[in-house]
């Protein structure tokens, strides 16, 4: 039953699921994974310079991930887009 409910929510969203929306979800997922990985490397870095470098590297895809989520929200409702993007990122 939950599977059908999710499908109904996706179809009933503003424009449905378009290739642009799928590409934005893929980018959002990639940026989220890259940001998390960079922060992990930052935490394991032995020097403050390494920590700072990896923090900058991690914050850049984190910011781009926020921009892709904003673009997704132009195509879908928040109550549909946010859980999907968070579910893909985990």
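The values are calculated or read from the model by the stated rules, or taken from the named source; none is laboratory data. Given the structure is predicted, the values throughout are model-derived calculations rather than measurements. Cβ sites come from the backbone with ideal geometry, for glycine too, and all protein chains shown count toward neighbours.
Exactly one of these conditions fails for residue 5: (1) modelled with pLDDT under 90; (2) more than 19 Å from residue 82 (Cα to Cα). Give me its number.
If we test residue 5 against (1) modelled with pLDDT under 90; (2) more than 19 Å from residue 82 (Cα to Cα), just (2) comes out false.
If a residue must be exposed (fewer than 14 other Cβ atoms within 10 Å of the Cβ) and under 19 Å from the mean Cα position of the chain (by Cα), how many such residues does region 36-49 contain?
So the answer is 1.
Which of the residues spanning region 71-85 are farther than 14 Å from residue 22 by Cα, surrounded by 12 or more Cβ atoms within 10 Å (Cβ to Cβ) and without any contact (Cβ under 8 Å) to a residue 60 or more places away in the chain?
Within region 71-85, 83 is the sole residue that qualifies.
Identify the single condition in (1) part of a helix (DSSP H, G or I); (2) buried (at least 17 other Cβ atoms within 10 Å of the Cβ) that residue 52 does not satisfy, given that it satisfies every other one.
Failed condition: (2).
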